[in-house]
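This report concerns only the one structure given below.
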Amino acid sequence: MLNDAFQHYHEQDNLNNYINSTYTQYEVEMIKKYKNEVSYEELEIYKDKNIYQFQFVDQLKVKSLVLYGCFSIVFDKVPDNIVELTVNECKLKNILGIQFMTKLKRLDLSNNVLIDIQPLYSLEQLQSLHINENKLVNIQPLSTLKQLQSLSLTNNRIIDLQPVKSLGNLLSLDLSHNSIKSVLCLQNLTHLQSLNLSFNNIQDITGFTCLSSLQTLNLDYNLLIDISPLTHLPLRSLDIYSNRIVDVCPISSHQFEHLFMSNNYITNAYLLSNHKQFSDYSLNNQNPPTKSLILFQKRLKAVYFGLKNLNQLIMKRTQKILNGKQKINVAVLNLKMELTELLEQMISKFGLL
């Protein structure tokens with residue numbers, strides 16, 4: 001037992017010497033501080049103001065690293081064995097150097113202040129990427145990440161989606177809370193199963209006809225009128241709250257598990273009212289309510305034709321007066337009678353007034 005203890009001490013002493021000779025004093029301190037906090041090759045570091053480099057985690061045999069609230073992070077020295085990296089709430093402005101972490105499969109850089117993500121271009125093994133709550137406008141560097149299956153870029157300033165069209169392996173895509181107008185380039189994503197485009201400026205979803213695997217779709221708070229491109233998609237869950245949709249006939253045959261479409265202008269909601277399969281179904285607060293909208297349309301149509309007939313009648317009577325075929329008193333009396341008759345017909349037929 002004494003020999004075993006001596007051997008263990010000797011090995012530990014060699015390890016310490018190796019660490020001291022290989023790493024900087026800062027890295028040695030970090031290794032000693034966190035060596036007992038590694039669990040199943042994972043290390044989570046929260047709000048450590050002293051963290052600015054993390055090459056030291058190589059010695060800790062960490063494959064998954066979470067850095068939260070560490071405000072001095074730089075990527076000039078990076079570990080090469082990390083497979084999963086999360087850097088949240090760290091006020092990141094620059095990720096130069098992260099391009100050398102080529103083994104990364106999962107990366108989360110959410111809740112920072114990133115504008116430039118050019119260094120991501122070389123991370124070709126990435127399968128999951130989240131860069132939510134940043135200041136992204138240009139996402140061109142993502143076009144090379146062909147292995148991506150999950151991409152989330154919510155709450156940024158993105159307008160152009162062209163770089164996404166090359167990501168044919170995507171299964172899940174979240175682009176909510178951006179400034180997107182055109183989604184035509186998404187038509188190549190035929191493996192996509194879940195798509196969130198809520199809180200954008202989208203009017204046309206023509207390209208969606210090609211999304212043959214799409215099951216979950218969120219288009220809340222956009223400018224949609226026509227949803228006919230959704231007709232033949234295998235949707236199970238659909239959110240189209242607060243748009244300008246009038247006709248829901250294109251989705252009337254879908255077998256939804258979830259459907260939320262309040263705050264629209266829908267006139268034929270009855271097409272969906274008998275669908276007993278809904279576990280979550282909402283048609284409240286149509287704007288205006290469906291019955292009121294139908295009555296309003298009828299009244300508007302009646303007023304239009306009434307004014308059109310009135311205009312023709314006035315022109316006709318005026319011409320007769322000018323031609324001297326009628327005396328003015330008689331003409332006024334005839335006009336009054338005809339106007340009264342026209343109004344009575346409008347009231348009787350359309351329930352006006």
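Here are a few things to note about the model shown:
- Loop-located chymotrypsin sites (Phe, Trp or Tyr not before Pro) in region 39-68 whose Cβ has at most 12 other Cβ within 10 Å (DSSP): Tyr40
- Other-chain or far-sequence residues with amide H under 5 Å of Glu44's (modelled H): Val66
- Phi-based couplings in Hz for region 241-257 (Karplus 6.51, -1.76, 1.60; Gly and Pro marked x): 4, 6, 10, 10, 6, 10, 10, 9, 4, x, 10, 5, 9, 6, 9, 6, 9
- Projected label points at Lys181 and Val83, each 7 Å from Cα along the beta carbon direction, are separated by 4.4 nanometres.
- Overall form of region 113-231 per C-alpha gyration tensor (a/c, 1.5; a/b vs b/c): oblate
- Each Lys or Arg adds one and each Asp or Glu takes one away; over the other residues whose Cβ falls under 10 Å from the Cβ of Asn156, this sums to +1.
- Length released on extending from Gln215 to Lys93, taking residue separation times 0.36 nm less the Cα-Cα span: 40.3 nm
- Cleavage-rule hits (GluC sites (Glu not before Pro)) in region 26-59: DSSP loop, at most 15 neighbouring Cβ within 10 angstrom: Glu37, Glu41
FYI, it's all coordinate maths here, none of it is from the lab. Since the structure is predicted, the reported quantities are computational estimates derived from the model, not experimental observations. Cβ coordinates were reconstructed from backbone atoms using ideal geometry, including for glycine residues, and neighbour counts include every protein chain displayed.
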